[in-house]
1. Being surrounded by 16 or more Cβ atoms within 10 Å (Cβ to Cβ), without any contact (Cβ under 8 Å) to a residue 40 or more places away in the chain and among the hydroxyl-bearing types (Ser, Thr, Tyr) narrows it down to one residue among Ser281, Ser262; which is it?
2. Which of the residues spanning the stretch 299-317 are part of a loop (DSSP other than H, G, I, E, B), touching a helix residue (DSSP H, G or I) at 6+ places or on another chain (Cβ under 9 Å) and crowded, with 17+ Cβ neighbours inside 10 Å?
3. It is to be established whether one or more residues within the stretch 284-298 are outside any loop (DSSP other than H, G, I, E, B), more than 19 Å from Leu28 (Cα to Cα) and touching a Pro at 6+ places or on another chain (Cβ under 9 Å).
4. Of Asp108, Asp112, Asp148, Asp159, which residue is under 22 Å from Thr23 (Cβ atoms) and among the charged types (D, E, K, R)?
5. Failed condition for Ala240, given (1) part of a strand (DSSP E or B); (2) among the aliphatic types (A, V, I, L, M); (3) surrounded by fewer than 23 Cβ atoms within 10 Å (Cβ to Cβ); (4) at pLDDT 95 or above, with all others met?
6. Gly129: under 20 Å from the mean Cα position of the chain (by Cα), among the small types (Gly, Ala, Ser) and surrounded by fewer than 23 Cβ atoms within 10 Å (Cβ to Cβ), yes or no?
7. Of a type outside the set (A, V, I, L, M) and surrounded by fewer than 19 Cβ atoms within 10 Å (Cβ to Cβ): does that describe His320?
8. Quick check on my filter: what residues within the stretch 62-102 are buried (at least 16 other Cβ atoms within 10 Å of the Cβ) and assigned to a loop (DSSP other than H, G, I, E, B)?
Amino acid sequence: MIAVAVAMSTALPAIAETLRVATFNTELSRKGPGLLLRDILKGSDVQILAVMDTIIAARPDVIALQGFDYDLENAALSAFANGLKERGLDYPYHFAAPPNAGLQTDIDLDGDGDLSGPGDAQGYGRFFGQGSMAVLSQHSINTSMVKDYSTILWKELPDNLFPMTQSGPFPSVAAHEIQRLSTNGIWVLPIDHPEMGRIHILTFHASPPVFDGPEDRNGRRNHDEVAFWSHYLGGAFGPAPNEAFILMGDANLDPNRGDGRSIAIQNILNHPALQDPAPASTTVAWPQTGKMRVDYVLPSRDWAIVDAQVAPVNQAASRHSLVWVALKKP
C-alpha cells in the first residue's frame, strides 16, 4: 500500500507513462452570479491565487474541482484555466454541465414552509450554479460520450432512503415526485489519453449530511448520493466501465466519524472493483468536527498505484486538501 505523504511533491512533473489525477474542493463559491468570474479576472484575489498555487504544486493531468460556481458559458472556468496557463500549467480541456445547485423549483423541497429559498432548489444554492463542479484535463474529454446522471430522481435509486413519515413522503408527495438525487452533479467523463487510451473519470459532490431536522433529509440524501456509485458499478444504470476508471470527488462523508451514514462510503471503500490508495488520510478540518476524510480518489483495481498524496491544507485557499494519485497501467 502506498503511504500517504504529509507534504506536497512540487519539483517533478508527472512521468509521461503515469497519469496523475486529483480532486479538490476549492471552496471558491461566491455570494452571487458572476462574482467568481469578476474575482478571477482581477488577477489579485488571494484565495484564487492560493487555489492555483495548490493545483500548480500538485500538477495533476486531470483534476475534479468542487465548490466552483457554474455559469452557462463556462466563462469562470475558462478564465480560471487561462490563469493557470499563464502561470505555466495548461489545461486545454475543461468540462462543466448544468448542475442541480441553485436550480429553483416551485415546491417546498426542504419542508421549511418557504417556496423560494435556497433549499427549494434541486440542490442547495442561492443562485443557479452556486458551489458546483468542474473538471480540467490535459487530455481530450470526449464530451459527446459524457454520461450525466444529475437528473436521476431520488426515488429512482434502488433501495433509496427518501425520508418518509406516517402520512407519506417528507415534506410532500409533490417533493417526492420531482426531487433529484444529486445535489450538484454525477458525471462519468471519458478522457482519451495518447498512450493509455480511454480513461473514465467518475465524479460527484454530495450534500453535507447535516443542516436538517429529525427527518434526516440531508443525511439520507448524502447516503444515497454516495450509494449511487455502488449501484452504478453493479450495472443498475446501464453498463459501467470495467477497467481504467477512477472514482473521485467530495463525498462529504467520513468512513468512521461524523453525523453521516458512514456505511455508504464504507461500501465504496470496500468495493471489489476499487482500491484505496490513502486509507489513513484526513482531507478536511472543520472547527466543529475536527479532522475528517471526505475527499476521495479511488482507482479501479487494474491500475498500478505509483504514488498517492494528500496536500497540507492551505488555509488561504480552502479548508480541504487537494488529494492526488499517480497511476500507470501494469
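The values are calculated or read from the model by the stated rules, or taken from the named source; none is laboratory data. Owing to the predicted nature of the structure, the values given are computational and were not obtained by experimental measurement. Here the Cβ positions follow ideal geometry from the backbone for every residue, glycine too, while neighbour counts run over all protein chains shown.
1. From the options Ser281, Ser262, the qualifying one is Ser262.
2. Matches in the stretch 299-317: Ala311, Asn314, Ala317.
3. Yes, because at least one residue in the stretch 284-298 is outside any loop (DSSP other than H, G, I, E, B), more than 19 Å from Leu28 (Cα to Cα) and touching a Pro at 6+ places or on another chain (Cβ under 9 Å).
4. Just a single option satisfies the conditions, and that option is Asp148.
5. If we test Ala240 against (1) part of a strand (DSSP E or B); (2) among the aliphatic types (A, V, I, L, M); (3) surrounded by fewer than 23 Cβ atoms within 10 Å (Cβ to Cβ); (4) at pLDDT 95 or above, just (1) comes out false.
6. Here the answer is no, as Gly129 does not meet what is asked.
7. no
8. Asp69, Tyr70, Asp71, Asn74, Leu89, Tyr91, Ala96, Ala97, Pro99, Asn100, Gly102
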